[in-house]
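Worksheet for the structure shown next.
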Amino acid sequence: MKWERLFHPLRFLDLVPLSHVFGQFMGVWVPPLLGAAVVFQDSLNPSEVITTIKSERVSVLITVPRVLESLQNKVERDLEAAGELANFKRNFDEAAKEKFIRRLWRFRRIHRLFGWKFWAVISGGATLDPGTELFWGRIGIAAIQGYGLTETTSLISVNHPFQVGRGSIGKVLEGRQVKLDENGEILVRGENVAAGYWQSGAVHPMTGAGKDPGWFHTGDLGTLDANGNLYFNGRQKNVIVTAAGMNVHPGDLERALRNNPEVKDCVVIGLQRGGNAEPCAVLVLKDGRGVRQPRHAAGIVTSVMLAFARIAGESAPLMFTAFGNEFWSMNPGQPVASLPLQIYKYAIQPYEQAHAQAWTAALVLISMIVVTVTLFRFIVGRYAIKGVS
C-alpha cells in the first residue's frame, strides 16, 4: 500500500450488489481507508460500463468474472467490426515478453476507449478464467482476484497481479490460516471466521469439533503450490466421480470446451448411471446449422472427446447441442429426455424462448404484410372495375 498515493485520486466503479459481502467490502469498507470515491451503476451492459469508466474517470473496476468476459468480448467485437482483430491478435502475441510501458503504448487504442485513468480490475464472486485474466494483464490493465466467503468476512487470499502464476487466487492474508484436508477441501481458521449460524432460534457453531476442530470447512476444493499460492478447483459437491474412479471437476472441462472455436458456451454436469456419475456436456454452438452434416458434427465430437480425454481420462461424455429452439443428442441412441430438467431450464430454455419470440414477431409481421397487400389489391381491383364500366 506504500505506493497507492501515486494513483490518487482513486475512483472505484462497483458493479457487485451490496447484498454480496464482496460488494460491501470493496464498495463500502475499503474506499474510506484509501480516501477513494465509489461510483455505483445498476447496468451491466458492456457499452454503458465502458462509457461510465471513461466519463467518471474510474481507476478500478470491481465486478464478477462474467462482466469482465463480456467487456473483453465487446472489445474484440469492435475490433473485428473495424477489421483490426487479426492485427490485435498479432500484437497480443508479440506483447507477451514486453515491459508494462511498452504494452500500454501497443494497446493505446483500447486504453483510449476506457480512458487513461483506468488501470485495474478486481474480480470476485467466482473464479476468473485464466484466458480472461491474461487478456487484461497483457493489454496493460492489472487483473486482481481474491478468494473468500461470507462466513470468513470476505477475503481469505488475494493475488498480486505481477508476482503469481496465472489462475492463482493469491496468497493467504495475514491473520488467516489455510490448509487442505485429505480430499483437497480448503479449511480456514482465524478471527475473521464467524462464530456460527443463527438457525431455528439458536446459534450453531460454524467450525467442526471432529477431525479438524476449530477449522471452517469451506466446501471448496483447492491446491497450494510450493510458493504458497492458492488455486481454486471448484465446489466439492459438484465433483463428478466416474465409474473408473476419476474425480472430474466440471469447471476444468467447461474451460477446455470453450476453447473450441465452434462452441459459444457450455455446461457440464454429472448424470447418475448405475450408482456412478457420467459427465454430460451441453453445448451451445456459434452456428448449429452445420452440425447435422456428418463431417461437421464428427469434427466437433472429436474435439470435445479429446478435451474430455485430457482431463477426465477415458471417461467419454454424453453430449447435447442447442441452437435456437433446436435441441438434439450427438450421441447415437441417447435420448434427449435423459437430460436433467434443471439443465434444460438454465442452459437451453432461454435460447428456445428467444428463438420462439423471434419467430412469433416474424409471423405477425408477415401476416400484417399479407393482409395489407390483399386489402390493397381488393381496393385497386374495385376501382379498376368501376373505371372500365
Hits in region 173-203 (condition: out of contact with any Asp or Glu (no Cβ under 7 Å at 6 or more places or on another chain) and loosely packed, with under 13 Cβ neighbours inside 10 Å): GLU174, GLU182, ASN183, GLU191, ALA195, TYR197, TRP198, GLN199, SER200, GLY201, ALA202, VAL203
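Can you tell me which residue among VAL21, VAL38 is at pLDDT 90 or above, within 26 Å of the chain's Cα centre (by Cα) and surrounded by 12 or more Cβ atoms within 10 Å (Cβ to Cβ)?
Details: VAL21 fails: at pLDDT 90 or above.
Sole residue among the options that is at pLDDT 90 or above, within 26 Å of the chain's Cα centre (by Cα) and surrounded by 12 or more Cβ atoms within 10 Å (Cβ to Cβ): VAL38.
Does ASP265 qualify as being within 25 Å of ASP129 (Cα to Cα), modelled with pLDDT of 75 or more and not in a strand (DSSP E or B)?
Working: within 25 Å of ASP129 (Cα to Cα): yes; modelled with pLDDT of 75 or more: yes; not in a strand (DSSP E or B): no.
Spelling it out, it is not the case that ASP265 is within 25 Å of ASP129 (Cα to Cα), modelled with pLDDT of 75 or more and not in a strand (DSSP E or B).
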Are there strands (runs of 3 or more DSSP E) fully within region 170-211 with at least 2 residues that are within 25 Å of GLU133 (Cβ to Cβ)? List them. 176-180, 185-190
Test: residue in region 55-69 that is in a loop (DSSP other than H, G, I, E, B), crowded, with 16+ Cβ neighbours inside 10 Å and polar (S, T, N, Q): yes
Can you pull out every residue in region 241-262 that is modelled with pLDDT under 75 and either in the same structural domain as LEU187 (by TED's automatic domain parsing) or among the β-branched types (Val, Ile, Thr) (or both)? VAL241, THR242
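Here is a list: LYS99, LYS54. Which entry is in the same structural domain as PHE135 (by TED's automatic domain parsing), farther than 30 Å from CYS266 by Cα, modelled with pLDDT under 90 and of a type in the set (D, E, K, R)?
On the way: LYS54 fails: modelled with pLDDT under 90.
Every option except LYS99 fails the conditions.
From the list ILE156, ILE144, ILE101, ILE122, pick out the single residue that is assigned to a strand (DSSP E or B) and out of contact with any Leu (no Cβ under 8 Å at 6 or more places or on another chain). Reasoning before the result, please.
On the way: ILE156 fails: out of contact with any Leu (no Cβ under 8 Å at 6 or more places or on another chain); ILE101 fails: assigned to a strand (DSSP E or B); ILE122 fails: out of contact with any Leu (no Cβ under 8 Å at 6 or more places or on another chain).
Criteria check complete, one pass: ILE144.
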If I ask for residues that are basic (Lys, Arg) and within 15 Å of ALA142 (Cβ to Cβ), which ones from region 54-102 would you list? LYS99
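The values are calculated or read from the model by the stated rules, or taken from the named source; none is laboratory data. Owing to the predicted nature of the structure, the values given are computational and were not obtained by experimental measurement. Here Cβ is always computed from backbone atoms with ideal geometry, including for glycine, and neighbour counts include all displayed protein chains.
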